[in-house]
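Only one structure is covered here, and it is reproduced in the block below.
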2 protein chains.
Amino acid sequence: MNIVIIGAGNLATHLSKALFEANYSIVQIFSKTEESARMLAQKLNCNYTTNIADIITTADVYIYAVKDSVLHLLIEDLAITSALHIHTAGSISINIFKHKYKNYGVLYPLQTFSKSKAVDFKSIPMFIEGSNEAVSSILESIAKKTSDKIYHINSEQRMKLHLAAVFTCNFTNYMYTIGEDIMTEAGLDFDVLKPLINETANKVQSLSPKKAQTGPAVRFDENVINKHLAMLEKNSKIKNLYLELSNLIFENTKKNS
Amino acid sequence: MNIVIIGAGNLATHLSKALFEANYSIVQIFSKTEESARMLAQKLNCNYTTNIADIITTADVYIYAVKDSVLHLLIEDLAITSALHIHTAGSISINIFKHKYKNYGVLYPLQTFSKSKAVDFKSIPMFIEGSNEAVSSILESIAKKTSDKIYHINSEQRMKLHLAAVFTCNFTNYMYTIGEDIMTEAGLDFDVLKPLINETANKVQSLSPKKAQTGPAVRFDENVINKHLAMLEKNSKIKNLYLELSNLIFENTKKNS
């Protein structure tokens, strides 16, 4: 099974390395960013191209790991009807391929990827969806070789999953960013927050987040909250965010108690 | 050194257990909530009282681990001038004791405590502040017996630290809560988000959160963001929060690139 990887960003890099390590034959990397394409192709010992017209047309599988906004453009520019086409986007329906292909699907690994940070792919949940039974079973066999956790979900569920991931990962990371900014301004080292960050994530592995909730907002402790708001006086957007989140946590606590 | 613990909540429970395991002699637990007081006293094999007038007056150290809003009331009700008085609150100045006592201080463990979840106290950073050198060194010796990480910081820094902790812990946990709600509504299991939650926390142990930021907000991918906002149509507060956080992440990315 020969695979072409369309994309050379964070997800393309980690996914193609996992496939390579599972002994899949990756024959080409396509990316408009030459440096990314070259670097990834080097790691996988395969060819690369930055030109759509030069994409190999005889591969068995085409995996698209690109920005959502360019995915449909790439699909329009390619016409390799005999192959299996797979995208990896959380918020794009499987039907993006429907008008052109018969065999297509989605392979969505739920994780946050940065090129500079290695991940254990085996522990990453893989969500798959195929255009037909045969495709689903091919997707399942590919997913199983790279991960221990395979789930079949439809496009609508995957979109909700992606939305939940934005809150639990992307927005969470932004909370860390605000924390780092506050520490830097106070002349304190962000490092001292790291055990707290770890334990906060660790707690919800066994407790429901609703039960794990702590902090001044739980009882809307005005004494503390007002002190915190005063410290944020210079940054009105973060101050508003603090108050809004405190109100939401307080409402949630009342609702659940 | 005989210690009285004022409070029997999450922090009082974990801190007094750590002190007990470090062979400190805890002679009494005070809490207005009889069940909490009795349960904690049982674990520590000591007396308890729910009556302020019955608090032992001959102990060497009084540790206050109570809600911020009642701390000053308790201090007013007690008058044990020879002892060392220690509070454990992030956002309360050491000076809350100043008008009554000579020897006082703060012992602030930076962690999120729930009674039902064990923690490794040794890895918790302890922030200490004493009213004089002698008190600081007593605090240091107490802190060192329970934790490997001791820091001397003043009340102003501790307040900033607490504010940073609210973002990185309390608000982060609320992001997990929203994630859980979205999953439940979609008929999906919150469990599948757990590896992502872990990796998000894990990433910032070695990468700056600014560098670790991923997701549709980084490039303000309107295609994805609009789909997500549409899914949140029924919940206007969470929808607004999504948009606000996406705007803040996008602004931050532009500022840092």
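The values are calculated or read from the model by the stated rules, or taken from the named source; none is laboratory data. Note that the structure is a prediction, hence the values are computed from the model and not measured. Counting neighbours? That spans all protein chains shown, and the Cβs are built from the backbone with ideal geometry, glycine included. Remember, those area values only see protein heavy atoms, side chains included, never the ligands or the DNA or RNA. Shrake-Rupley method; radii C 1.70, N 1.55, O 1.52, S 1.80 Å.
Calculate, for the range A:5-54, the solvent-accessible area per residue in square angstrom, rolling a 1.4 angstrom probe over the heavy atoms of the protein chains. Write down the numbers at each step before the final one.
On the way: 2370 Å² over 50 residues.
The answer is 47 Å² per residue.
Using just the helices of chain A, give the 222 nm mean residue ellipticity in deg cm²/dmol: DSSP H runs with n ≥ 4 each add -39,500 (n - 2.57), and the total is spread over all residues, rounded to 500. Write down the numbers at each step before the final one.
Details: 10 runs with 120 residues, N = 257.
Mean residue ellipticity, 222 nm, calculated: -14500 deg cm²/dmol.
Element breakdown for the range B:42-96 at a 1.4 angstrom probe: carbon and sulfur atoms account for 46% of the accessible area. Look at the stretch A:223-230: the mean tally of other chain Cβ atoms within 10 Å of its residues' Cβ atoms is 5.
Compute the FRET efficiency between A:ASN51 and A:ASP189 as 1/(1 + (r/R0)^6), taking r as their Cβ-Cβ distance and R0 = 35 Å, and round to the nearest 0.05. That gives a FRET efficiency of 0.15.
What is the diffusion coefficient of the range B:110-233 in µm²/s, taking the Kirkwood radius over Cα pairs and the Stokes-Einstein relation at 10 °C with a viscosity of 1.306 mPa s? The estimated diffusion coefficient comes to 88 µm²/s.
In peptide A:114-124, what is the residue-averaged number of other protein chain Cβ atoms found within 10 Å of each Cβ? Mind dumping the intermediate values first?
Details: counts 6, 0, 5, 9, 0, 4, 2, 0, 0, 4, 3.
For this peptide, the per-residue mean of nearby foreign Cβ atoms is 3.
The mean count of C-beta atoms from other chains within 10 Å of the C-beta of residues in B:150-162, rounded to a whole number, is 3. Other residues within the sphere of radius under 15 Å centred on the Cβ of A:GLU133, judged by their own Cβ, net out at -1 (K and R +1, D and E -1).
For the pair the range A:177-192 and the range B:198-249, the centres of their Cα atoms are 21 angstrom apart.
Distance distribution P(r), the range A:69-138, all Cα-Cα pairs, bin width 10 angstrom from 0: 18, 45, 29, 8 percent.
For the options A:LYS210, A:LYS43, A:LYS98, a Gaussian network treatment of chain A with springs between C-alpha atoms closer than 10 Å singles out A:LYS210 as fluctuating the most.
Charged side chains reduced to their Cβ positions (Lys and Arg at +1, Asp and Glu at -1) give the protein assembly as shown a dipole of some 100 debye around its Cα centre. Once the C-beta distance of B:LYS100 and B:GLU222 is scaled by a Förster radius of 51 Å, the resulting FRET efficiency is 0.30 to the nearest 0.05.
Could you please put A:PHE220, A:PHE113, A:PHE20 in sequence from largest to smallest accessible area, using a 1.4 Å probe? Could the numbers behind the result be given before it?
Numbers: A:PHE220 45, A:PHE113 15, A:PHE20 80 Å².
Heavy-atom accessible area, descending, gives A:PHE20, A:PHE220, A:PHE113.
Solvent-accessible surface of protein heavy atoms, probed at 1.4 angstrom with all chains present, puts B:THR49, A:THR33, A:THR58 in the order A:THR58, A:THR33, B:THR49, largest first. Only protein heavy atoms count here; under a 1.4 Å probe, A:VAL119 has an accessible surface of about 40 Å². Computed with a 1.4 Å probe on the full set of protein chains, the accessible area for B:LYS237 sits at about 100 Å².
Write down the Kirkwood hydrodynamic radius of the protein assembly as shown, to one decimal in angstroms, obtained as one divided by the mean of 1/r over all alpha carbon pairs. Intermediate results must be reported in sequence, preceding the final value.
Values: mean 1/r = 0.0399 Å⁻¹.
It is 25.1 Å.
Where chain B is carried onto chain A by rotation, the Cβ closest to that axis, with its residue and distance in Å, is B:ALA201, 2. Along the range B:16-32 the Karplus relation, 6.51 cos²θ - 1.76 cosθ + 1.60 evaluated at θ = phi - 60°, assigns HN-Hα couplings of 5, 5, 5, 5, 4, 5, 8, 6, 6, 8, 8, 9, 6, 10, 10, 7, 6 Hz to successive residues, with x for each Gly and Pro.
Quick one: dipole size for chain A, taken about the Cα centre, charges +1 on Lys/Arg Cβ and -1 on Asp/Glu Cβ, in debye to the nearest 20.
Rounded to the nearest 20 debye, it is 440 debye.
For the range A:192-257, the solvent-accessible area with a 1.4 angstrom probe is 47 square angstrom per residue.
For the pair B and A, how large is the buried accessible area, both sides, in square angstrom to the nearest 100, if the probe is 1.4 Å?
Heavy-atom accessible area buried at this interface is about 9000 Å².
Using only the heavy atoms of the protein chains and a 1.4 Å probe, how would A:LEU245, B:LEU188 rank by accessible area, largest first? Before the final figure, lay out the partial values.
Values: A:LEU245 0, B:LEU188 30 Å².
Listed by decreasing accessible area, they come as B:LEU188, A:LEU245.
So how exposed is B:SER116, as accessible area in Å² (1.4 Å probe, rounded to 10)? Near enough 90 Å² of accessible area.
Using R0 = 56 Å, the C-beta based FRET efficiency linking A:THR58 and B:LYS254 works out to 0.85. Applying the Karplus relation 6.51 cos²θ - 1.76 cosθ + 1.60 with θ = phi - 60° to the range B:33-48 yields 3J(HN,Hα) values of 8, 4, 4, 4, 4, 5, 4, 5, 4, 4, 4, 9, 6, 9, 6, 9 Hz, where x marks Gly and Pro.
Mind checking the full-extension length gain between B:SER137 and B:SER236? Use 0.36 nm per residue of separation minus the Cα-Cα distance, one decimal, nm. If you can, show how the numbers build up before the last one.
Numbers: separation 99, 0.36 × 99 = 35.64 nm, distance 5.23 nm.
Stretched out fully, the B:SER137 to B:SER236 stretch lengthens by 30.4 nm.
Between copies, the label points of A:ASP148, set 7 Å from Cα on the Cα→Cβ line, lie 2.6 nm apart, reported in increasing order to one decimal in nanometres.
The same position B:VAL218 in the other copies lies at 3.4 nm from this copy, comparing label points 7 Å beyond Cα toward the beta-carbon, shortest first.
Taking a point 7 Å from the Cα of B:GLU156 along the Cα-to-Cβ direction, the residues of the range B:93-122 with backbone N closer than 15 Å to it are B:93-95.
Please give the charge dipole size of the range A:74-195, origin at the Cα centre, charges +1 on K and R Cβ atoms and -1 on D and E Cβ atoms. Round to the nearest 20 debye. Numbers along the way, then the final one.
Details: 12 positive and 13 negative charges, 117 e Å.
It comes to approximately 560 debye.
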